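Computed from the coordinates by the stated procedures, all read-outs in this text should not be read as laboratory data. Quantities reported herein were computed from a predicted structural model and do not represent experimental measurements. Note that we place each Cβ from the backbone using ideal geometry, even for glycine, and neighbour counts take in every protein chain shown.
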Amino acid sequence: MNGERNNGITGESSRRDFLRSSTAAAVGVSMAGSLAISRSAHAAGDDTIKVGLIGCGGRGSGAANNAMNAGKDVKLIAMADVFEDHLKGSRERLRKIKPDQVAVDDDHCFVGFDAYQKLIQSGVDVVLIACASHFHPVHLKAAVDAGKHVFVEKPHAIDAPGIRSVMATCEEAKKKNLSIVSGLCWRYHTGVRETMKRVMDGGHRQYRRHPGNLHAQPLRAPPAQTGVE
Ligand SMILES: NC(=O)c1ccc[n+]([C@@H]2O[C@H](COP(=O)([O-])OP(=O)(O)OC[C@H]3O[C@@H](n4cnc5c(N)ncnc54)[C@H](O)[C@@H]3O)[C@@H](O)[C@H]2O)c1
């Protein structure tokens with residue numbers, strides 16, 4: 001867990017970065033679009049959507065940036081991490097990119113294993129969860145229990161109790177009319193959605209097999225060989 005590594009919000013661009021950011025931008029838009037309830041809950045004249053980030057590493061920082069891409073009235077107001085240097089580093093990088101939308105005062109920086117609870121109670125409307133995967137179910141439940149809309153990175157859980165917890169929390173969120181947006185990017189991919197629909201509808205009667213590969217980092221091209229005839 002290194003706060004200084006590529007945080008997904010730099011200018012460096014690769015196909016994976018493009019896919020990640022464009023997908024997450026769509027997530028940000030869909031999240032913002034689904035916040036009618038939250039907006040209506042605000043006092044008249046304040047349309048700001050207040051976002052809090054739990055887990056200020058690469059994906060969390062990227063997700064916060066993506067959420068703010070949804071509109072100028074989306075503001076990052078609180079951050080939480082187990083390591084202060086991760087949090088502060090992420091805040092500085094995000095401030096440079098979105099100076100008008102990053103409004104995280106020192107008293108809204110929460111550090112430690114209980115930082116997520118403090119963040120959830122700090123006045124945010126939306127919680128972004130992108131910390132170490134095994135904490136996702138606990139943080140998700142706490143956010144929904146507190147009536148917050150959530151974006152949660154995948155994997156949402158890494159074991160059976162965690163998965164059961166996430167399923168129960170999703171049911172609870174439905175009852176409360178809260179949005180849970182998954183970081184599983186393929187859910188927002190038009191081609192994948194259409195294929196899934198056709199398979200589930202039985203339209204692909206000749207469907208036999210679908211080979212699929214995801215080549216993620218750290219796959220690299222082998223070094224070029226020189227001197228070979
Ligand atoms: N990096 C990606 O491209 C990517 C893509 C999809 C999903 N994800 C998922 O997003 C999550 C984060 O990945 P990452 O690459 O940003 O990792 P990372 O290690 O860069 O960042 C994780 C951050 O969360 C913090 N953290 C860990 N436990 C915490 C806790 N209990 N409370 C608060 N903060 C905590 C760490 O200190 C660190 O700053 C993981 O679940 C990962 O699987 C990452």
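Our coupling estimate for the stretch 118-126, obtained by passing each phi through the Karplus curve with A = 6.51, B = -1.76, C = 1.60 and θ = phi - 60°, is 5, 4, 4, 8, 9, x, 7, 9, 10 Hz, Gly and Pro reported as x. Legend: residue pairs Lys148/Lys197; Lys50/Lys176; Lys75/Lys118; Lys148/Lys175; Lys118/Lys175, Cα-Cα distance threshold 22 Å; pairs beyond threshold, Lys148/Lys197; Lys118/Lys175. By the rule of a C-alpha distance below 17 Å, with chain neighbours fewer than 8 residues away ignored, the aspartates and glutamates paired with Lys141 are Asp114, Asp125, Glu153, Asp159, Glu171, Glu172. Under 16 Å of direct C-alpha separation, and excluding same-chain neighbours fewer than eight residues apart, Lys96 reaches these aspartates and glutamates: Glu4, Glu12, Asp105.
Among the chymotrypsin sites (Phe, Trp or Tyr not before Pro) within the stretch 88-142, those in coil by DSSP and having at most 12 neighbouring Cβ atoms inside 10 Å are Phe113. Let me know the shape class of the stretch 56-108, please: from the alpha-carbon gyration tensor, a ≥ b ≥ c as square roots of the eigenvalues, rounded when a/c is under 1.5, otherwise prolate if a/b is greater than b/c, or oblate. Prolate. Counting 0.36 nm for each residue step from Asp159 to Cys185 and taking away their Cα separation leaves a gain of 7.3 nm.
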